[in-house]
Amino acid sequence: MREGLKIFKIGGGIIDDEAQLGHFLRELARIPGQKILVHGGGKGASQMLLDLGIEPQMVQGRRITDAPTLDIVTMFYAGKTNKQVVALLQAAGVNALGLSGADGNAIRAVKRPVKEIDYGFVGDLPEGSVNTALLGQLLQAGITPVFCAITHNGLGQLLNTNADTIASTLARALAAQYEVELHFCFEKDGVLADINDENSVIPQIVPAQYQQLKAKGVIAAGMVPKLDNAFAALEAGVERVVIENALKINEPVKTVLCRS
């Protein structure tokens, strides 16, 4: 029987709020078993860019990462933010280890090709990009890996990579070794049937139901890429995907995505 593994992804909204981040990490520490945490960058990198006179560039919610921007996001994501998260987890009794994709060759990406938009130094994750042997060794040693949104291409180039994509890719890659649960944690209690009603959490969604909800426009546009990734992870062998409030990960209200 495969061991269980829970992979948690938290977004920038939680990272930006010191009190909420601390609360989430303390709740995470209460969850037994093997865990991996993936975190986004928050607004700090954009503010640092502005402070240095560099205007952040975003297209369709995606950051354009030129060379100066890469320097800043690497400092902020892999440095300040990652190490602060690790320090808080250590304080909560979790033996956490902060990682970028370059550390231990944990996650190797490829630079996104230029098509209609040149995203700059942005990494995409092909099959086989995760060093599952390394992660297995860390988990067996009782270490909780904490990934920021920086990867590398194996040729000396760091790359900015979407944190949701990192979490989903880790889950798919490790599903052969573990019974993986993938948790997307953000500000809402789950997927809402009515975007204006915080209490309208849909407790469970299966693929056919998801297609119906998309067709009816029930699921907000910003949630669609996240759920598309989630169902792709289920198809790739992940046991289940959970959409939940980062402040309530030990409470029952959440949305669980299932294969059937």
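Couple of notes before you dig in:
- Restricting the first member to the stretch 24-41 and to residues that are closer than 15 Å to Gly4 by Cα, and the second to residues that are among the polar types (S, T, N, Q) and surrounded by fewer than 24 Cβ atoms within 10 Å (Cβ to Cβ), the beta-carbon pairs closer than 9 Å and six or more apart or on different chains are Ile31/Asn250; Gln34/Gln140; Gln34/Thr144; Lys35/Thr144; Ile36/Thr144; Leu37/Thr144.
- Every residue from the stretch 6-41 that is among the small types (Gly, Ala, Ser), touching a helix residue (DSSP H, G or I) at 6+ places or on another chain (Cβ under 7 Å) and farther than 20 Å from Ile243 by Cβ: Gly22, Ala29, Gly41
- Restricting attention to the stretch 1-35 and to residues that are closer than 28 Å to Gln137 by Cβ and among the acidic types (Asp, Glu), the residue that is farthest from the chain's Cα centre (by Cα) turns out to be Glu3.
- The residue list Arg259, Arg172, Arg240 contains one member that is within 30 Å of Gln137 (Cα to Cα), buried (at least 19 other Cβ atoms within 10 Å of the Cβ) and either among the charged types (D, E, K, R) or touching a strand residue (DSSP E or B) at 6+ places or on another chain (Cβ under 9 Å) (or both), which is Arg172.
- Residue pairs whose Cβ atoms lie under 9 Å apart, sitting 6 or more positions apart in sequence or on different chains, and linking a residue in the stretch 1-13 that is within 21 Å of Lys43 (Cβ to Cβ) to a partner that is surrounded by 19 or more Cβ atoms within 10 Å (Cβ to Cβ) and polar (S, T, N, Q), are Lys9/Ser168.
- Sole exception among (1) assigned to a helix (DSSP H, G or I); (2) at pLDDT 90 or above for Phe184, by number: (1)
For every residue, the table says whether it meets (1) at negative phi; (2) among the aromatic types (Phe, Trp, Tyr).
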{"position": "Asp17", "(1), (2)": "yes, no"}
{"position": "Leu21", "(1), (2)": "yes, no"}
{"position": "Leu25", "(1), (2)": "yes, no"}
{"position": "Pro32", "(1), (2)": "yes, no"}
{"position": "Gly53", "(1), (2)": "no, no"}
{"position": "Thr69", "(1), (2)": "yes, no"}
{"position": "Tyr77", "(1), (2)": "yes, yes"}
{"position": "Lys80", "(1), (2)": "yes, no"}
{"position": "Gly93", "(1), (2)": "no, no"}
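Per-residue answers, yes or no, for (1) more than 29 Å from Gln157 (Cβ to Cβ); (2) surrounded by fewer than 14 Cβ atoms within 10 Å (Cβ to Cβ):
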{"site": "Glu27", "(1), (2)": "yes, no"}
{"site": "Pro32", "(1), (2)": "yes, yes"}
{"site": "Ile36", "(1), (2)": "no, no"}
{"site": "Leu49", "(1), (2)": "no, no"}
{"site": "Pro68", "(1), (2)": "no, yes"}
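- Scanning the stretch 1-25 for residues that are surrounded by fewer than 20 Cβ atoms within 10 Å (Cβ to Cβ), aliphatic (A, V, I, L, M) and in a helix (DSSP H, G or I) gives a single hit, Ala19.
- Subset tally (residues that are more than 24 Å from Gly12 (Cα to Cα) and in contact with a strand residue (DSSP E or B) (Cβ under 8 Å, 6 or more places away or on another chain)) for the stretch 207-237: 4
- Test: residue in the stretch 79-92 that is at pLDDT 90 or above, outside any helix (DSSP H, G or I), under 17 Å from Val146 (Cβ atoms) and in contact with a Lys or Arg (Cβ under 8 Å, 6 or more places away or on another chain): yes
- Taken as a whole, the condition of being out of contact with any Phe, Trp or Tyr (no Cβ under 6 Å at 6 or more places or on another chain), under 27 Å from Gly136 (Cβ atoms) and at pLDDT below 95 applies to Gly40.
- Restricting attention to the stretch 185-225 and to residues that are within 24 Å of Leu25 (Cα to Cα) and among the aliphatic types (A, V, I, L, M), the residue that is surrounded by the most Cβ atoms within 10 Å (Cβ to Cβ) turns out to be Val191.
- Within the stretch 49-63, the set of residues being under 20 Å from the mean Cα position of the chain (by Cα), assigned to a loop (DSSP other than H, G, I, E, B) and not polar (S, T, N, Q) comprises just one member, Gly61.
The values are calculated or read from the model by the stated rules, or taken from the named source; none is laboratory data. Quantities reported herein were computed from a predicted structural model and do not represent experimental measurements. Virtual Cβ from ideal backbone geometry, glycine too; neighbours counted across all protein chains shown.
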